[in-house]
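Read through the structure below, which is laid out as structure tokens, and then see the notes.
The values are calculated or read from the model by the stated rules, or taken from the named source; none is laboratory data. Just so we're clear, the structure is a prediction, and the values are computed from it rather than from any experiment. All Cβ positions, even for glycine, are placed from backbone atoms using ideal geometry, and neighbour counts span all protein chains on display.
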Amino acid sequence: MPTTRNPTKEKIHEIIFEADTPMGKSFDIFLMVMIVASIVVVMLESVGELQANYQEIFYFLEWVFTIFFTIEYGLRLYCVYSPMKYAWSFYGVIDLLSILPTYLSLLIPGTHTLMVIRALRLFRVFRIFKLAHFLKEGHIIVQALRASRAKITVFLVFILLIVMIMGSLMYLIESEQNSGFTSIPRSIYWAIVTLTTVGYGDIAPQTPIGQFVAAAIMIMGYVVIAVPTGIVSTELLNQKELQHNTQACRYCAEEGHDDDAVHCKYCGEKLNEDD
């Protein structure tokens, strides 16, 4: 890890990554405008009449946005001290995917429409407008899901066993009634749809026994909703709520640090030059 700071990188990092300064916030708001504008252009281009009348304008704007986002992506890689860590981070991957479709369209026509993936970059709005409350709550939810993943996995395995058993049972009951249960996989599909309370109605039991089993599965569907909710809710209550800020580490570009943090909790480097 580098031990000295590059003034140029520091300044660019402050503008591009930080939302705590006037320049940084102004840049991020401008970035949001560009993202929304590029998405609107892609959507408008999909309209046949507009595409026919303004094709050249749309093409020009697509490249303007792509070049802008390419330069921005390059600057983000330049101003962090560990470019590969940022490149493989969530935002790093999204930033790259947001510029690739236009270049791919030179080889594969039509792929430029994938530029709507830029909408994912709007997640930055939570940092830009300092919606720390949402960042904190989001962090708590993620931690709760991680803590309850073993219980949820066991629950999902149990549900899979239930739908396989119920699907097979319904096949035995209804297969001779010409009611749509033509195979065990199709019966399992019906069990999944019924258990999740969706109920498309494309397959329906005809016999009294089959209808009784269907009613039991429907009632069981409410349990399916309640159990994982209870598991996650319990973990949410167990999570320690910490105050997080919007500061991004200059070395790994990770965010969500505690307000009193001196070092990055991901890579260990100092967050502030004066610390």
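Somewhere in the range 195-211, is a residue hydroxyl-bearing (Ser, Thr, Tyr), closer than 26 Å to Val227 by Cβ and in a helix (DSSP H, G or I)?
No, there is no match, as no residue in the range 195-211 is hydroxyl-bearing (Ser, Thr, Tyr), closer than 26 Å to Val227 by Cβ and in a helix (DSSP H, G or I).
Would you check if Tyr103 is outside any loop (DSSP other than H, G, I, E, B) and farther than 16 Å from Phe17 by Cβ?
Values: outside any loop (DSSP other than H, G, I, E, B): yes; farther than 16 Å from Phe17 by Cβ: yes.
Criteria met by Tyr103.
How do the pairs read when you match residues in the range 205-222 that are without any contact (Cβ under 8 Å) to a residue 24 or more places away in the chain with residues anywhere that are in a helix (DSSP H, G or I) and surrounded by 14 or more Cβ atoms within 10 Å (Cβ to Cβ), using Cβ under 9 Å and keeping only pairs 6 or more apart or on different chains?
That search, which allows pairs on different chains as well, returns Ala216/Met166.
Looking at Tyr78, Tyr73 in this structure, which one is buried (at least 16 other Cβ atoms within 10 Å of the Cβ) and not basic (Lys, Arg)?
Every option except Tyr73 fails the conditions.
Could you run through the range 30-72 and say how many residues are of a type in the set (Asp, Glu) and touching a residue at least 12 places away in the same chain (Cβ under 8 Å)?
Step one: list which residues in the range 30-72 are of a type in the set (Asp, Glu), which gives 45, 49, 56, 62, 72.
Applying the additional criterion that residues be touching a residue at least 12 places away in the same chain (Cβ under 8 Å) yields 45, 62, 72.
So the count comes out to 3.
Filter the range 233-252 for residues that are buried (at least 17 other Cβ atoms within 10 Å of the Cβ) and either more than 30 Å from Lys25 (Cβ to Cβ) or at pLDDT below 65 (or both) and give the result.
If the condition is that a residue be buried (at least 17 other Cβ atoms within 10 Å of the Cβ) and either more than 30 Å from Lys25 (Cβ to Cβ) or at pLDDT below 65 (or both), then Glu235, Leu236, His244, Asn245, Thr246 are the ones that fit.
Look at Ser233 and say whether it is without any contact (Cβ under 8 Å) to a residue 40 or more places away in the chain and more than 33 Å from the chain's Cα centre (by Cα).
Taking the combined requirement at face value, the residue does not satisfy it.
Can you tell me which residue among Thr111, Thr102 is over 30 Å from Cys264 (Cβ atoms), at pLDDT below 85 and surrounded by fewer than 17 Cβ atoms within 10 Å (Cβ to Cβ)?
Of the residues listed, the single one that is over 30 Å from Cys264 (Cβ atoms), at pLDDT below 85 and surrounded by fewer than 17 Cβ atoms within 10 Å (Cβ to Cβ) is Thr111.
Which members of the range 1-28 meet the condition of being of a type in the set (A, V, I, L, M, F, W, C), in contact (Cβ under 8 Å) with a residue 12 or more places away in the chain and exposed (fewer than 14 other Cβ atoms within 10 Å of the Cβ)? Reasoning before the result, please.
Taking the range 1-28 first, the residues of a type in the set (A, V, I, L, M, F, W, C) are 1, 12, 15-17, 19, 23, 27.
Cutting the leftovers down to in contact (Cβ under 8 Å) with a residue 12 or more places away in the chain gives us 1, 12, 15-17, 19, 27.
Once the filter is applied, which keeps residues that are of a type in the set (A, V, I, L, M, F, W, C), in contact (Cβ under 8 Å) with a residue 12 or more places away in the chain and exposed (fewer than 14 other Cβ atoms within 10 Å of the Cβ), the range 1-28 yields only Met1.
Limited to the range 84-95, what total is found for residues that are surrounded by fewer than 16 Cβ atoms within 10 Å (Cβ to Cβ) and either touching a helix residue (DSSP H, G or I) at 6+ places or on another chain (Cβ under 8 Å) or in a helix (DSSP H, G or I) (or both)?
So the count comes out to 3.
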